[in-house]
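One structure is given below, encoded as structure tokens.
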Amino acid sequence: MQNREHLVIAIDGHSSCGKSTVAKELAKKLHIAYVDTGAMYRSVTLYALRHGYIKDGKCDVESLEKSFDDIKITFNFNAETGSNCTYLNGEDVESEIRGLEVSGNVSMVSAIPQVRHRLVDWQRAMGNETSLVMDGRDIGTVVFPNAQIKIFMTASDEVRAQRRYDELKAKGQEASFEEVLFNVRERDRIDSTREESPLRKAEDAVLLDNSQMTREEQFQWILDLIDEKTKK
Ligand code: DC
């Protein structure tokens, strides 16, 4: 592979289609950083919930905006759990940000322009500093429109809900399949119809529908794509 001095790989797509699993694996294989931007929006949502800024599905944007300087999101290895985790002001919140309460509010919080502007600034600063794989909804369209590799991932609603359901079950979190399916569809709807940076495929992104693919097949597909794009 050539042109690897500074590489940005943007992975966007629908919720729960395995973006972060594949992005993590890719970062490990290429020895570059991985940034989960969904975890950043989730962490801001958790902060807002904990501080009482979210009531009846609405967010007190003014109070949240005033708190931006008090929100520090980092990604670090947790020796206790043996995995890379999301930290909110030094606390490992990896498990809590994946729960239904945060999942049920994160699309609303991530549609707030002030939140997006702040997080996009942080994300760009990370990508300007180092090579990375970043996954989210607007990485190829807004955060890094000039990324060398852009992938848009998707899978059928049912396949995605089943994967999410299995993940929650494995973590011992309570949820019914119908609830999870509703959440997946609702997040897609809000993410794709919001005014600020709606989820959409960048024109130059390559589509990857993994409904019928194994993890290994997807991974190889992406490695082949990177090879092809970085050879030019
Ligand atoms: O990838 P995820 O499911 O963890 O993302 C959580 C939410 O954050 C999702 O509903 C949409 C939003 N999001 C976003 O708007 N922009 C991003 N770059 C990443 C996530």
Kindly provide the set of residues from region 46-58 that are farther than 19 Å from E96 by Cα and not basic (K, R), ordered by number. D56
I'd like the full set of residues that are within 11 Å of the ligand (Cβ to nearest atom), part of a helix (DSSP H, G or I) and of a type outside the set (S, T, N, Q), limited to region 93-121. I97, R98, V102, G104, V106, M108, V109, V115, R116, L119, V120
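Which residues, counting only those in region 74-92, are modelled with pLDDT of 90 or more and more than 12 Å from the ligand (Cβ to nearest atom)?
Of the residues in region 74-92, the ones modelled with pLDDT of 90 or more are 74-75, 85-92.
If the condition is that a residue be modelled with pLDDT of 90 or more and more than 12 Å from the ligand (Cβ to nearest atom), then T74, F75, C85, Y87, L88, N89, G90, E91, D92 are the ones that fit.
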Failed condition for A27, given (1) in contact with a helix residue (DSSP H, G or I) (Cβ under 9 Å, 6 or more places away or on another chain); (2) surrounded by fewer than 22 Cβ atoms within 10 Å (Cβ to Cβ); (3) touching a residue at least 24 places away in the same chain (Cβ under 8 Å); (4) part of a helix (DSSP H, G or I): (1)
Would you confirm, using the coordinates I've provided, whether D56 is of a type outside the set (G, A, S) and under 19 Å from P113 (Cα atoms)? no
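The values are calculated or read from the model by the stated rules, or taken from the named source; none is laboratory data. Since we're looking at a predicted model, the values are computed, not measured. Cβ sites come from the backbone with ideal geometry, for glycine too, and all protein chains shown count toward neighbours.
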